[in-house]
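**Student:** Let me begin by handing over the structure; questions about it come next.
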Amino acid sequence: MFRRRGKPMTQNDDTRDNQQPETVKKDGPARENKTIDMDGLDIPETDTDNMEEDAELMDAELLDEDGGFPGMDDNMFGQVQEMMAKLQQADELEKENADLKGRLARLAADFESQRRRLQGEVDAAQGQGIAKAAESLMPVYDDLDRAVSMGVGDPAKLIPGMQAVQATMLRVFGGLGLEVTGREGETFDPQWHEALQVVPGDADDVIVQVYQLGFRMGDRLVRPARVVVSKKG
């Protein structure tokens, strides 16, 4: 037998040398399984499968058996959940705050519009009241003008003219709802009258002299009458 250079040849080696090589399959060498896509390109089937498997493995590695994150205890996980809940609540509060601000802005605009409208109505009412009062006082001016004209030619006629003006003025006050109070002979009433002086008289609390007439409007005092009151004895 022949021996291999540098190494003695054993029976096993001789056996391997005598073994015949395996016959090649008729179909040729084994080919890699491939798929053909729509464009006619060969794409190995194992590539996409491996990508999906890798993604699943990565997700599985990030979570522990209970579905939580590894290395995080219950306390830390609870704090994270609480923080997330607070963030969500803050977001809801921010949205609610924005809604309330919008409603407040609309209410402020409506209030300002209403205020302007009411102010316009008040101004119009005041203007109408002033015009009505001035119109009521015009006859008084007419009587004064006539009294002065008559008094220039004959001073004796001035007094009757002024009395006419006075009567006209009282009629105007009556038309405005004013009532005269504090005439001579009335009983003194501190609610409507102001006693400037007390003098002896035949009866108590009787107005014997009027310095200034008073006026009232219903139960409201407009101006007290300034009078002199008698005191018996």
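**Student:** Let me check I've understood the local charge: for Val122, count other residues with C-beta under 12 angstrom from its C-beta, Lys and Arg +1, Asp and Glu -1. What total comes out?
**Tutor:** Charge balance near Val122 sits at +1.
**Student:** Still on this model: Report the local net charge at Leu104: Lys and Arg +1, Asp and Glu -1, summed over other residues whose C-beta lies under 14 Å from its C-beta.
**Tutor:** -1
**Student:** As a test question: what accessible area, to the nearest 10 Å², does Phe215 have when a 1.4 Å probe is rolled over all protein chains in place?
**Tutor:** About 20 Å², ignoring ligands and nucleic acids.
**Student:** Hey, another quick one. In whole Å, what are the Cα extents of segment 93-157 along the three principal axes, biggest one first?
**Tutor:** That gives 89, 12, 9 Å along the principal axes, largest extent first.
**Student:** Ignoring ligands and nucleic acids, what accessible area does Leu87 show with a 1.4 Å probe (Å², nearest 10)?
**Tutor:** Solvent-accessible area, nearest 10 Å²: 100 Å².
**Student:** At 1.4 Å probe size, put Ser113, Ser136 in order of accessible surface, largest to smallest.
**Tutor:** Result, largest first: Ser113, Ser136.
**Student:** Quantify, in whole percent, the carbon and sulfur part of the accessible surface of segment 151-233 (1.4 Å probe; protein heavy atoms only).
**Tutor:** Carbon and sulfur atoms account for 53 percent of the accessible area of segment 151-233.
**Student:** Semi-axes of segment 121-187's equivalent ellipsoid from the Cα gyration tensor, sqrt of 5 times each eigenvalue, largest first, rounded to whole Å?
**Tutor:** 28, 20, 6
**Student:** So, with a 1.4 angstrom probe, what is the percent of accessible area on segment 78-122 that is carbon and sulfur?
**Tutor:** For segment 78-122, the apolar C and S fraction of the accessible surface comes to 57 percent.
The values are calculated or read from the model by the stated rules, or taken from the named source; none is laboratory data. Since the model is a prediction, treat every value here as computed from it, not as a measurement. Cβ sites come from the backbone with ideal geometry, for glycine too, and all protein chains shown count toward neighbours. Protein only, heavy atoms only, side chains kept; ligands, DNA and RNA dropped before computing areas. Shrake-Rupley method; radii C 1.70, N 1.55, O 1.52, S 1.80 Å.
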